[in-house]
Structures are given as C-alpha cells and as structure tokens.
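The numbers here are math on the coordinates, done by the rules we state, and not lab data. This structure is a prediction, so every number in the text was calculated from the model and none was measured. Cβ placement follows ideal geometry from the backbone for every residue including glycine, while neighbour counts extend to all protein chains displayed.
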C-alpha cells in the first residue's frame, strides 16, 4: 500500500514542479516540493527500517536545489553568464550548509542523554535559534546584478 502512496505523491509532486516551471506558475512549485518530500517521508520507514540514513541529508539538499532552480526559472529572465555563476555558487553554498545541518541533526538524534532541565532548555533555545536562522535565510536573497543581498 505504501508503494502506491509513494508513487502517487512523487508523480504528483514532479508533475507540479514541471508544470510550474514550464508555465511559470510559482504557486505550484512549493506544493510540488512538498509532495516530493512527503513521498520520501512515507517511503523512508519501509526502506531503512525507520533508521535515519545519510540519503535523508542528501535529499534535503537536493530539494533545496530543485526548489531554488524552479523558482529561478519562474521568476527571472535569462541571467548573464556572470550572474548565473554567482547564483550557482550561492546555491551550492546553501546546499552544502543544508547538508551539514541535516547531518548534524541526524547525529544529534542518535545521542543518548538523560532528561534534565538544562538539556531541555538548551534544546528549546536551539530550536528557536534554528527557526530564527531559517527565517533569516528565507528573507535574504541575492539580487541580479548588484552583488548585494536584500532584506
């Protein structure tokens, strides 16, 4: 049963990504990425017996690259060669950072610690800082041609 669900989610997600990119509909890209990620999440327990494989970190970076690439197709005209190189380097840096963070989270999830108030506070602070950092990442993007990031 999970195989059919995974197939439907993946095909629908890839279809939305393709349609959104070809027709330049930005609204479909987020849904497409969400469906592809959901397909992986549904398939993950059956594939790896519930373990956290390294492929999860690779998939996270790949979803980031796919999403950014689709949004660039939808929202921008053809960039100059220099701008395309700058964007590619920017995206490669973000993908590497996403991969590193995912690996760090998976490693942290395997650590066995006793429960305590200081650890609970540290975990809460880390979660809040992570959300704040993601919010900062989501609101800063390089603009074409000026080499500056906009808030």
So for the pair residue 77, residue 58, with labels modelled 7 Å out along Cα→Cβ, what separation do we get in nm?
3.9 nm
Using a Förster distance of 25 Å, how high is the FRET efficiency between residue 122 and residue 96, based on the Cβ-Cβ distance and rounded to 0.05?
0.45
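Just to verify a number: FRET efficiency for residue 137 and residue 4, C-beta to C-beta distance, R0 = 30 Å, to 0.05? Each step should come with its number before you reach the end.
Numbers: r = 35 Å, r/R0 = 1.18.
Once the sixth-power term is evaluated, E becomes 0.25.
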In Å, the Kirkwood hydrodynamic radius from C-alpha pairs for the stretch 2-112 sits at 15.3 Å
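How much length is gained on full extension from residue 129 to residue 18, taking 0.36 nm per residue of separation minus their Cα-Cα distance? Each step should come with its number before you reach the end.
Working: separation 111, 0.36 × 111 = 39.96 nm, distance 3.41 nm.
So the extension gain works out to 36.5 nm.
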